[in-house]
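Worksheet: one structure, shown below.
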Ligand SMILES: NC(=O)c1ccc[n+]([C@@H]2O[C@H](COP(=O)([O-])OP(=O)(O)OC[C@H]3O[C@@H](n4cnc5c(N)ncnc54)[C@H](O)[C@@H]3O)[C@@H](O)[C@H]2O)c1
């Protein structure tokens, strides 16, 4: 039997930009490969449908739900839609996160507020609305996606991103302690340098001539900074999420899994 047979997962931000492969999309696909039915929640319905099509083509079950994770009304109705479609939710994977570059003096108030608004509500609101269902069933798994940047400075001033990603670690530890008596687990995944459309987009936005970026050379430079010698893939993040959602992790809560090829050991 597959590890997640009979389970239902709600994965937020599980579409991906420009048809690429992001962490949420890869996680939705991997959870489905392990037998879970997937609710793919994304602000971009076409991107969510694309992920569902991949899951269905592999023989899995998936439903696309449009919604902005920072909007409480939309989150509440997305949870209701998922419950209407599959009758239950066992796994909540909170994947949405955004980055605006900047340090302590040059980050605008607008960028600061946007990152705080999106990155913190992206874990707070879906969890808030799924928890009553988890508590009723005395079962549930919340996995939040933060970043190793939430723990330390990585050489580029991303102070708003790093601070808000750090808050996800604290939020998740508090959550885990609060809901453990109800049979619910909550953990955080800390990805390192992962090759996703979002990561490429950030590099492009912070380069004068994005069209002239030599991606191969850049990947080699980045790989040289990583002890395991390669940039991570969304599948690396997805596999950690699958483990945390499985019964193999049934005694693991309130902690973090780092998926960074060893970068944190060196910084
Ligand atoms: N890529 C990396 O190197 C890296 C490293 C560490 C952590 N992360 C984290 O991984 C997560 C996913 O990153 P990714 O690179 O896979 O992103 P991505 O851009 O490929 O995918 C994110 C998806 O989220 C959706 N989305 C954005 N805002 C939304 C909102 N308000 N409501 C609903 N959906 C929304 C987008 O439409 C998109 O489909 C983020 O939390 C990010 O901070 C990424």
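At a 10 angstrom cut-off on C-beta neighbours, averaged per residue, how do the peptides 209-218, 100-109 rank from highest to lowest?
Details: 209-218: 9.5, 100-109: 12.7.
Taking the mean over residues of other Cβ atoms within 10 Å, the ranking is 100-109, 209-218.
Each semi-axis of the equivalent ellipsoid for segment 131-231 is √(5λ) with λ an eigenvalue of the Cα gyration tensor; in descending order they amount to 35, 14, 13 Å.
What does a probe at residue 247 reach in segment 175-196, counting residues whose amide N is under 19 Å from the point 7 Å along Cα→Cβ? Taking a point 7 Å out along Cα→Cβ of residue 247, the residues of segment 175-196 whose backbone N falls under 19 Å are 183-186. How much length, in nm to one decimal, is gained on full extension between residue 61 and residue 44, taken as 0.36 nm per residue of separation minus their Cα-Cα distance? The span from residue 61 to residue 44 would gain 4.2 nm if fully extended. Using every pair of separate Cα atoms, the Kirkwood estimate puts the hydrodynamic radius of the chain at 18.6 angstrom.
Per-peptide packing, taken as the mean over residues of other Cβ atoms within 10 Å, places 17-26, 50-59 in the sequence 17-26, 50-59 from highest down. The angle separating the long axis of helix 23-33 from the principal Cα axis of greatest extent in the chain is about 40 degrees.
Multiply the residue gap between residue 206 and residue 108 by 0.36 nm, knock off their C-alpha separation, and tell me the result in nm, one decimal place.
Values: separation 98, 0.36 × 98 = 35.28 nm, distance 1.57 nm.
Length gained, residue 206 through residue 108: 33.7 nm.
A straight chain from residue 76 to residue 225 at 0.36 nm per residue would run longer than the Cα-Cα distance by 49.4 nm. Across segment 163-207, the residues whose backbone nitrogen lies under 20 Å from the label position 7 Å along the beta-carbon direction of residue 138 are 176-186. At a Förster radius of 41 Å, what calculated FRET efficiency corresponds to the Cβ-Cβ distance of residue 3 and residue 170, to the nearest 0.05? Computed FRET efficiency for residue 3 and residue 170: 0.90.
What is the angle, in °, between the Cα long axis of helix 234-245 and the longest principal axis of the Cα atoms in the chain? Nearest 10 is fine, range 0 to 90. Helix 234-245 and the main axis of the chain meet at about 30 degrees.
With q set to 0.09, 0.13, 0.16, 0.21 Å⁻¹, the log10 of I(q)/I(0) for segment 1-160, from the Debye formula over equal scatterers at the Cα positions, is -0.30, -0.61, -0.87, -1.31.
Does anything in segment 186-224 have its amide N under 12 Å from the 7 Å Cα→Cβ label point of residue 54, and if so which residues? Within reach of a label on residue 54: 196-197.
In the chain, the longest principal axis of the Cα atoms and the axis of helix 72-86 are about 50 degrees apart.
Each reported figure results from applying straightforward, stated rules to the coordinates on display, with no laboratory input. Computed from a predicted model, the values in this text were never measured in an experiment. Cβ coordinates were reconstructed from backbone atoms using ideal geometry, including for glycine residues, and neighbour counts include every protein chain displayed.
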